[in-house]
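The values are calculated or read from the model by the stated rules, or taken from the named source; none is laboratory data. Computed from a predicted model, the values in this text were never measured in an experiment. Glycine gets a Cβ as well: all are built from the backbone with ideal geometry, and neighbour counts include every protein chain shown.
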């Protein structure tokens, strides 16, 4: 069963990411309906909206520079929170970009 899970690298270079982009665009053109897959009970856009709201609230908390959040953390934990902030910001920007087009 574990062999079915694809390997996910810890990092991806810009070059590797750029090479994956054209394939991702082609995959986006395939809709679940065109493959005969029925949509789930909760529409994807609803789930995405809930994720967006939760992520925005979390990012606002992290951006407050609240000493209660940071004071009891090790340097590695503080760096991990910084990375989380960056990833959330990028993910929120990506979600907004998807809705623009």
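Working carefully through the options 73, 58, 62, find the one that is within 16 Å of the chain's Cα centre (by Cα), modelled with pLDDT of 65 or more and surrounded by 10 or more Cβ atoms within 10 Å (Cβ to Cβ). Show your work before the answer.
Numbers: 73 fails: within 16 Å of the chain's Cα centre (by Cα); 62 fails: within 16 Å of the chain's Cα centre (by Cα).
None of the others qualify; the one that does is 58.
Table: residues versus (1) at pLDDT below 80; (2) assigned to a loop (DSSP other than H, G, I, E, B); (3) exposed (fewer than 10 other Cβ atoms within 10 Å of the Cβ).
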| residue | (1), (2), (3) |
| --- | --- |
| 17 | yes, no, no |
| 31 | yes, yes, yes |
| 68 | yes, no, yes |
| 77 | no, no, no |
